[in-house]
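One structure is given below, encoded as structure tokens.
The values are calculated or read from the model by the stated rules, or taken from the named source; none is laboratory data. For clarity, every value in this text was computed on a predicted model and none was experimentally measured. For neighbour counting, all protein chains shown are included, and Cβ atoms are generated from backbone atoms with ideal geometry for every residue, glycine included.
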Amino acid sequence: MYDYLKIEKKWQQQWVESNLYQVKEDKAKPKYYVLDMFPYPSGDGLHVGHPKGYIATDIIARKRSMEGFQVLHPMGWDAFGLPAENYALKNKVHPRVAVEKNIINFKRQLSLLGFSYDWSREINTTDPAYYRWTQWAFLQMWHKGLAYESFAPINWCPSCQTGLANEDLDDGCCERCGTLVEQKPMRQWVLKITDYADRLLNDLDKLPDWEEAIKEMQRNWIGRSEGAEIKFKIKNTTANITVFTTRLDTIFGCTYVVLAPENELLQNLKDKIKNWAEVEKYIEEVKNKTDLQRTDLNKEKTGVVLEGVKAINPFNQEEVLVYAADYVLNSYGTGAVMAVPAHDDRDFAFAIKHNLLIRRVITDETEDDLDEAFTNDGKLIKSGEFSGLNSAEARQKMSDYLEKNDVGQKKINYKIKDWVYSRQRYWGEPIPLIHCKKCGVVAVPESDLPVVLPEVKSYEPTGTGESPLAAITDWVNVDCPQCGAKAKRETNTMPQWGGSCWYYLRYLDPKNEQALVAKDKDKYWSPVDLYVGGAEHATRHLIYARFWHKFLFDIGVVSHEEPFTSLKHVGLIMGEDERKMSKRWGNVINPDDMVERFGADALRVYEMFMGPFDQAAAWNTNGLSGTRKFLEKVNLIFDSREDLPFKEDKTIVALLHKTIKKVSEDIDDFHFNTAISALMILVNGISEYRQINKALPLNKEQLALFLKLLSPLAPHLSEELWEKIGQAESIFLSSWPKYDEKLIKDEIITYIVQVNGRLRAQLEMPADATEREVIDRAQAEVGVIKWLEGKEIKKIIFVPGKLVNFVV
RNA sequence: GCCGCGGUGGCGGAACUGGUAGACGCGCUGGACUUAAAAUCCAGUUGUAGAGAUACAGUGCGGGUUCGAUUCCCGCCCGCGGCACCA
């Protein structure tokens, strides 16, 4: 009988008691660092989707360890941030209390699944001993000018009552609560991630083991575009309008210039603008539009001309109209564009509506009519000395012209914005800065770190742009560390992504009080060899962490430029109704129940068997009974009540060795589903043999090989059966099996016989049969003769070991 | 609009660098065991025709290359994901 509950409990206890998974640096062995994206411990606990990635990393960790690697496989908690705080507010408990309780529950749920985590390295981002180093790293950035105070309008979530980074938005809504985000000017701390944009982009090419999809998302997010900035003089003033374009080659087609309504230049030109009242009204109108209304691609392009203002095209000295229009964004480029309606869709639409001149300057030499913008490259016409060049040459020559005449230069722009890093909320790391009237902003001395998050009566957000910390006067009021005068602490806290920017480094050295991580430990363990988590982090955590890591590299804290060598993304497990698992749909499956009904091993095997690892798949509890049956069959093979004789079977032995090869390769490739299928085929073979012959086709050593193959996937049952066949030490201290090259070569090969590419017969031939022999036999097959009869064989195709094809 | 990924039985999915399409699992159908049910075991399970051997069709659609295409090429359709008035 397969008593999974007893077996699983027994081994989970033994593994803990023997410290089986605790790991130390061992210079004699190669290291392997396999990491999960650590969870935020929510009050709802785990659903069956969460462990999918953890099962995969556990399989890899166990296999690598058996292969002789020193494996680091840690786990911890990302417990700061809005979700924890909102949960606490809703349930009227202190976030710390809620988090502690949730962690206990999460840990219990994880241990039910038998993961090989080294819990001695557990970390928690809300632990002052941990966030001391988050604050420390922030201070290093501040010292280097990478953290700065900004007063520009930012995303404000009226429900969460805090500022948010661009990365925290989904379709213009707060990623946490779904509320439409507003733009609100507000003092905030910002990290200069744009300084690292080029490196974050270029170094993606140094990551061949990252999935292309994730790299592509990051490329999109960083959004590099190469172009030029051009100064258009404003007639009768000393001022310029600087525009950014990627299509300098179209500049002779520029028939007007557009400023974003928020562009400061408009205010400066107030006196020159004859219709200022009208312009001001337009600016007001735009201000009242939400971002969503503004960026609706289908809406008509509105705008207003600036009467009395003309800009001068530096290439042909032509005077052009200047508009204010909200199809130009102030937050990208220079907040101004040169409009070339003939060669840009948006300018074209605007020009049609406002009846403006459309001048074609790029041709593809086919037709001349323009009923829409021609946006491809081509040959320049009507472009003065540049006429006749193709677009690419022209861009080069024209940017030389810009620089020579001091009217602009080449320029690279990025879509990624600096990271809005402060939150007006309670549950986060305090930003370790002090505001002094005399000295300005002063860093908290490193010896005073951590700045501990104080206890507070009300941790509800204030909504005023101040965090609840501002109300705790005895915490806020401090002496300036520089001049000793009365000063105030910064009261904003860090965002939820702060602590996760570097947590993977802390596992290397979790108790170090002298440094974020000791150099020798970093040298031994870094970088992370395998990182597994959800694709939703592609443009959030994964960009932020790469940014911090590069910074830590620059200041000499870590020795590698990239933190994660290979990255796999886990596909979601959907509910049985194919919707995302959520309380809202009532389709959540709890792993505790599944472990109770089917066992942890069956659950592990099922989640890996569902389909390709990176693909989303709908849950099906019936499928779980399939993997359970598989494990029952395995158990039956080893059932000691039947003392079956051993009668070796060559086919099954060969199958065993083929399975070793396949399972080894498939696990390395993350093809867990086909690895399991191969194991099922082997087990079916053994079971069938056992039933027919009342004997086992494999001896004890061979059965041991099979158990090792199964052990990363179903650790409890494998360990139990391993003990049953008389092994004293844990199976995870044994070595990964190797296949015998000689045994996996087939002696008999099945040839496919085709006539005109259609299957007509199958032929069993010895492996060493010659081409002649195979063809002769093939031709004599009954199923083949009738297709060849009375026809002339034009050609015979022979693929050794595979097939014969007669072409008639 | 741009970029990426995908489309294979009733379902999840397999198929190495072009070589037996549907492995493995679920479900379903029939049978054995049972007073009965569950569990278990055995057989079948892409469609059409046929009692059957077998034949033909078949991997989103239309073409092409090839002795041979789920796989390669060209042109479409649909779904998912990312980015997006980004100049």
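Tabulated results
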quantity	calculated
Residue in segment A:783-792 that is within 30 Å of residue A:638 (Cβ to Cβ) and part of a helix (DSSP H, G or I) present	no
Filter result for the condition that a residue is away from RNA strand B (no atom under 11 Å from the Cβ) and under 12 Å from residue A:247 (Cβ atoms), over A:391, A:387	A:391
Some residue of segment A:628-637 being more than 8 Å from RNA strand B (Cβ to nearest atom), of a type in the set (Phe, Trp, Tyr) and surrounded by 18 or more Cβ atoms within 10 Å (Cβ to Cβ)	no
Per-region count, segment A:236-253, residues assigned to a strand (DSSP E or B) and over 13 Å from residue A:337 (Cα atoms)	0
Qualifying residue in segment A:582-592 (condition: more than 9 Å from RNA strand B (Cβ to nearest atom), among the hydrophobic types (A, V, I, L, M, F, W, C) and part of a helix (DSSP H, G or I))	yes
Residue that is surrounded by the fewest Cβ atoms within 10 Å (Cβ to Cβ) [pool: residues in segment A:430-470 that are at pLDDT below 90 and of a type in the set (Gly, Ala, Ser)]	A:458
Qualifying strands (runs of 3 or more DSSP E) (wholly inside segment A:397-493; at least 3 residues being closer than 30 Å to residue A:252 by Cα)	A:408-414
Selection status of residue A:662, more than 18 Å from residue A:67 (Cβ to Cβ) and either of a type in the set (Lys, Arg) or near RNA strand B (Cβ under 10 Å from one of its atoms) (or both)	no
Breaking point among (1) touching a residue at least 12 places away in the same chain (Cβ under 8 Å); (2) within 13 Å of RNA strand B (Cβ to nearest atom); (3) in a helix (DSSP H, G or I), for residue A:656	(2)
Residue check, residue A:232 more than 8 Å from RNA strand B (Cβ to nearest atom), more than 30 Å from residue A:554 (Cα to Cα), among the aromatic types (Phe, Trp, Tyr) and assigned to a strand (DSSP E or B)	yes
Residue count, segment A:521-540 (criterion: surrounded by fewer than 21 Cβ atoms within 10 Å (Cβ to Cβ) and either without any contact (Cβ under 8 Å) to a residue 40 or more places away in the chain or touching a Gly at 6+ places or on another chain (Cβ under 8 Å) (or both))	4
Residues within segment A:723-759 that are assigned to a strand (DSSP E or B) and either in contact with a Phe, Trp or Tyr (Cβ under 9 Å, 6 or more places away or on another chain) or closer than 24 Å to residue A:654 by Cβ (or both), tallied	9
Some residue of segment A:19-31 being exposed (fewer than 13 other Cβ atoms within 10 Å of the Cβ), hydroxyl-bearing (Ser, Thr, Tyr) and in a loop (DSSP other than H, G, I, E, B)	no
Contacts under 8 angstrom Cβ, first residue in segment A:202-229 being more than 26 Å from residue A:400 (Cβ to Cβ) and more than 9 Å from RNA strand B (Cβ to nearest atom), partner among the aromatic types (Phe, Trp, Tyr) and assigned to a strand (DSSP E or B), 6 or more apart	A:204/A:210; A:207/A:564; A:210/A:564; A:222/A:414
Top-ranked residue of segment A:605-627 - restricted to ones that are farther than 17 Å from residue A:581 by Cβ and within 29 Å of the chain's Cα centre (by Cα), ranked as nearest to RNA strand B (Cβ to nearest atom)	A:612
First in segment A:786-808 and in contact (Cβ under 8 Å) with a residue 24 or more places away in the chain, second anywhere and among the small types (Gly, Ala, Ser) and more than 8 Å from RNA strand B (Cβ to nearest atom), Cβ under 6 Å, 6 or more apart	A:804/A:778
Filter pass, residue A:267 being part of a helix (DSSP H, G or I) and at pLDDT below 90	no
